[in-house]
1. As an exercise, find the ratio Rg/Rh for the stretch A:364-415 from alpha-carbon atoms, using the Kirkwood inverse-distance average for Rh.
2. Rank the residues A:371, A:225, B:387 as a footprinting-exposure proxy: fewest other Cβ atoms within 10 Å of their Cβ go first.
3. Restricting to bridges with both residues inside the stretch A:2-260, how much of the DSSP beta-bridge set is antiparallel, in percent to the nearest 5?
4. Assuming 0.36 nm per residue, please report the length gained on full extension of the stretch residue A:373 to residue A:161 beyond their Cα-Cα distance.
5. Which distance in Å, rounded to a whole number, links the C-alpha centroids of the stretch A:341-366 and the stretch A:220-294?
6. Set the Förster distance to 56 Å, then compute FRET efficiency between residue A:79 and residue B:453 from the Cβ-Cβ distance, nearest 0.05.
7. Over the Cα atoms of the stretch B:365-464, what is the Rg over Rh ratio if Rh follows Kirkwood?
8. Could you line up B:422, A:337 from fewest to most neighbouring Cβ atoms inside 10 Å?
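Every number in this text was worked out from the coordinates using simple rules, so none of it is lab data. What you see is a predicted model, and the numbers here were worked out from it, not measured in a lab. Virtual Cβ from ideal backbone geometry, glycine too; neighbours counted across all protein chains shown.
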């Protein structure tokens, strides 16, 4: 694989217009990735789903070269109807369009020259891969006291013009004091068997609010990895919702550092999996100062041959007194071939804290089904109703009404 | 001065010129085939036993010491340890209690252990496991009447080779992890229990373990077999005298429960935890595993872990037989610089298997405490269930409490429920107790005992009282 990486990298350098300094940085990341390769089950974070095996099994012709000098046509049929929104369109590994038509242009700044280094400690070779083969990195700055009027939807699209089987995306967001951003990731990939590697870096200053909704609903054969790094200052709020249902493999990883007092992080997720899907959510919440709060709720509905994993970690520093941390993961296994794995982890060094986690998994409650059937529903309807209620619980946690309704429609839940 | 102290005084005055060093028969330092042959030879073991050891040793050479655990420790030089040491004769044991560390005596006093018992604990009287060789085992007569075999491992190898051959290494194979394999290669002695078909063991079986000779890693091997429809409750209690050097303890305990049998295994572990600055103390790296082999069998582990510098163990149950039950009740207390990484594994293989885990962790001072557990429900384990509850209590912000459960559910008929909380002793509770005349330490003791009640209830009477006091003593100096 290392020869392939090297030659694809050389091709990339030839066709694109990176500065020599950028190339130096990229080269460094490439060397790191060649050294470490894809993460495997020997690494604790990848224990449940081994991505190196999954990639080996699914993508026989792994290639990394994307021609960033070519542009792609935007197919408007994929765009979300009935909801006014700003867009970033990302096709085949390249950002084709950034459009903030609904906003005050003076309040938003798009910078395409960001620092090339990564500002946090990581042990993740996928970020090296991302940094090595990425096109331009954009930074979106929301200025002080500005709340976006409309949500921003990032469209993740691929079409048959795609050249390589690995595409990378990185975006940096900076939310200045008292600003607000609603961000929707919308996955509509039509091609199969690509490895999509996404890395977002968020910096939330004082009193800012970030809402990130990831919608991966439409069945496709892609393998996806998404990493969100969130830094939070005083009194900032981050809300993340993950609908993990479409891809063959999808791992969502969130690292959230609560650096400022009274900051809080909310993570809610739904796995709705069928045939041979393998999805995972891994979260790390670092409570680093006093009076911070985190809340996590993850629910899975697992059909035939599917597998979901949840690894959640709450870390409480010895300074972080009065921390409130909560984690709950629940799973319904519908078939004898479905599998649920969880590792809800607490690492606590302060004594005046309230931290708890819970995890439960099992089949649908026969008594509830009986109750519904005795009231005239058939077996299938009763099952659907119970699952509907089970998932609604998570969707109800979404604080933005417009997007909540969008998500309810996309999943097809009944209220 | 109460009578006991007077007695101690008397004993102090009793100035027999006691012998200087305990002369031990020691195997040469280091770990190699010759040492293993030496151990096997001195114990007059049959060839198959030596083969077992050598097979383990061969495997050991391929294994690496694991290092994924939370408490890290300085590298152990396995070539610098003695793998065998046995007391030459009774007269070499300490003659009186005043040879012992006064702090240890103080602890005994607080625990309310009678003088005779104190002496027994320290090998002054006869019946005790002293170092690596069982000197004597008691209650033989009563047990023989029921056909129960309760003897040392070395004796069992000589007298009941068929049973040992049949079961030894079936739960913890020689090809297991590093420390278990090390034990298989060099184990010296331990207990062997066999309960025949349909027999309910009339008494609690117990052994006191003790580590004495300096630089002797202790490698105990215990094997308990409960035949069809039998029941046994086994107690393991441990104390160790003051030591400055770190001592390794890598025991293997195997339990096998056949159809309808039940084994209850209780441990109170109170080994030397090192001093206030974290110097010295025992490394307790023990492998304990039970196999519910037959239908309707049950294995229950209860542990109170208050000692050792580092505790690193996971008493586990393999629920192979249909309808079998596994239970794990644990209290782990760490104070000063102690570290613990403990928990359990429940592996559900048979149908309708049930398991329950109750773990209470308390950390104070500069200590670090981790619950690490695995619940794995196999795809064939239909209609199984697990309930896990692990609570941690923190005292002060220099210590840590961690929970790392691994949950794997591969069966849609089965349920797993897991709960964990971390909290501190509330000011209100403390205030309430103090208002009613308890001093802060007594108040903490009371609250902690309440926190641990669910587990303490599981202990047999003999242990429950001692354990309750131990909980209080372990937390001394952690309030205020």
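1. 1.08
2. Neighbour counts put them in this order, fewest first: A:371, B:387, A:225.
3. That works out to approximately 10 percent antiparallel.
4. Computed gain between residue A:373 and residue A:161 is 71.3 nm.
5. Taking the Cα centre of each part, the stretch A:341-366 and the stretch A:220-294 sit 16 Å apart.
6. Step by step, r from the Cβ atoms, then E = 0.35.
7. So for the stretch B:365-464, dividing Rg by the Kirkwood Rh gives 1.10.
8. A:337, B:422
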